[in-house]
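In what follows, a single structure is set out as structure tokens and then discussed.
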Amino acid sequence: MKLRLLLGLAAALTLAAPADARPQWSQAEAQRWYGTQPWSVGSNYTPATAINELEMWQAETWDPATIDKELGYAQGIGMNTMRVFLHNLAWENDRAGLKRRMDQFLTIAARHGIRPVFVLFDSCWDPNPKAGPQHPPIPGVHNSGWVQAPGAARLADRAQYPKLEAYVKDVVGTFRNDRRILAWDVWNEPNNEGGGNYAPTPDKKALVAGLLGQVFGWARSADPVQPLTSGVWIGETWDRPETLDAVERIQVTQSDIESFHDYNWPEHFERRARQMLSYGRPVICTEYMARGNGSTFDGSLPIGKRLNIAMINWGFVDGKTQTRLPWDSWKKPYTSDEPPIWFHEVFRADGTPYRQAEVDLIRRLSSEPKVATAEPAPARRVASAR
């Protein structure tokens, strides 16, 4: 089994993008696009009434009134983007309805001056997603209902890949010219084993490495005007291509714009940020801000502003995801409703800022002029993983 997987991985890494796919943006094209954009700042967004991306998008639990209210909070503090997760099961079960709700979301977001980054797949948390009603939050546990996409079963079954291809091509193709969308994040933390207390998916990293390049190709074949990306998240030497694993090599060589995650102290954040800038492309930090881990708005956000890196923190309004609680709550659930310090989130459920100084900082930095990237590094060439 493992030999077949490795052989399949080797073949996938040598495949070119589909013949009708648009080329990956050159570094110059990517920089020209970025030069026309405002400095982007926002949050990873799920409405407080949804435990995960399925509950957000399924017709029975779709909640545009809450979305409108909460995106109003974002507009009020100067945020202009949100990173929003989709799910292939929502498309498989109601493709027309999902696209209709996406359009409604974009209409609401545009009314508040927000252009989202849509995420197509995700390797984090529950590997066994199920459409339909989602279970209630587990008391005291961080992100207790979040589900992976496509999930372990579809990832391991190559017969399911045509459905995944159709999902990507249909969703990206439908919105390929929609300027209300900032970017497409094709796969969140693709080489993440999952997290939580879930059983690991056998051979997951090899399977993802064999599929990720195809996902980039499917998305690119729709010829979107928006850039594609997938963010690296572990490791300390992102500017040394020889240290990257197979998944990371696809991420950095196939992305039109680079992206990364960092939940550490400011010194660590800046070191990683500069490593990503070394590829000569625009950079978005698509996840940061975990107060108890040393990652804060006042520590990381000014660095992102100074380096002209777009900044999207994890969490917005406290709700059913319960990500005000820390990661270690999976090992020891919190018995108190209020942890000593909130891990993520910007607002309480009633719209009150968790910390007024944080929203004041976001508002101030978002209102200041965009700056050029500080000390740009020479463009780095990395051998393609295709």
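The values are calculated or read from the model by the stated rules, or taken from the named source; none is laboratory data. Keep in mind that what you see is a predicted model, and the values were worked out from it rather than measured. No Cβ is skipped: glycine too gets one built from the backbone with ideal geometry, and neighbour counts run over all protein chains shown. Accessible surface areas use protein heavy atoms only, side chains included; no ligands, DNA or RNA. Shrake-Rupley method; radii C 1.70, N 1.55, O 1.52, S 1.80 Å.
Could you please put 371, 225 in sequence from largest to smallest accessible area, using a 1.4 Å probe?
Working: 371 60, 225 35 Å².
Ranking 371, 225 by accessible area, largest first, yields 371, 225.
Give me the percent of accessible area attributable to carbon and sulfur for the range 191-287, probe 1.4 angstrom. Intermediate values should be presented prior to the final figure.
Numbers: 1550 of 2810 Å².
Using a 1.4 Å probe with all protein chains present, the range 191-287 comes out at 55 percent carbon and sulfur.
Place the peptides 81-87, 314-320, 338-344 in order of packing, highest mean first, counting for every residue the other Cβ atoms within 10 Å and averaging per peptide.
For the peptides 81-87, 314-320, 338-344, the packing ranking is 81-87, 314-320, 338-344.
Pairs to check: 204/320; 99/370; 130/204; 130/163; 69/320; 130/332. Give those whose C-alpha atoms are more than 21 Å from each other in this structure. Write out the running numbers ahead of the final one.
Values: 204/320 28 Å; 99/370 33 Å; 130/204 19 Å; 130/163 16 Å; 69/320 16 Å; 130/332 26 Å.
Cα-Cα > 21 Å for 204/320; 99/370; 130/332; rest within.
Can you give me the Cα centroid spacing of the range 46-88 and the range 226-303 in angstrom?
With the range 46-88 and the range 226-303 each reduced to a Cα centre, they are spaced 25 Å.
With every protein chain left in place, what is the accessible area per residue of the range 43-144 in square angstrom, probe 1.4 Å? Write out the running numbers ahead of the final one.
Details: 3260 Å² over 102 residues.
Using a 1.4 Å probe on heavy atoms only, each residue of the range 43-144 averages 32 Å².
Could you tell me the accessible area of residue 135 in Å² (1.4 Å probe, neighbours in place), rounded to the nearest ten?
Per-residue accessible area (residue 135): approximately 80 Å².
Apply the Karplus curve 6.51 cos²θ - 1.76 cosθ + 1.60, θ = phi - 60°, to the phi angles in the range 158-164 and return the couplings in whole Hz, x for Gly and Pro.
Residue by residue, the range 158-164 yields 5, 5, 7, 4, x, 5, 5 Hz.
Find the accessible area per residue for the range 211-250; the probe is 1.4 Å, ligands and nucleic acids are left out, and the unit is Å².
On the way: 1130 Å² over 40 residues.
Each residue of the range 211-250 exposes 28 Å² on average to a 1.4 Å probe.
Give me D for the range 145-303 in µm² s⁻¹, whole number, from Stokes-Einstein with Rh from the Kirkwood sum over alpha-carbon pairs, 20 °C and 1.002 mPa s. Write down the numbers at each step before the final one.
Numbers: Rh = 16.8 Å.
Estimated via Stokes-Einstein, D reaches 128 µm²/s.
Any chance you could list P(r) for the chain, counting all Cα-Cα pairs in 10 angstrom bins from zero, rounded to whole %?
5, 25, 36, 27, 7, 0
Determine Rg/Rh for the range 71-176; Rg is computed over alpha-carbon atoms and Rh is the Kirkwood hydrodynamic estimate from the same atoms.
On the way: Rg = 15.4 Å, Rh = 15.4 Å.
Here the Rg-to-Rh quotient is 1.00.
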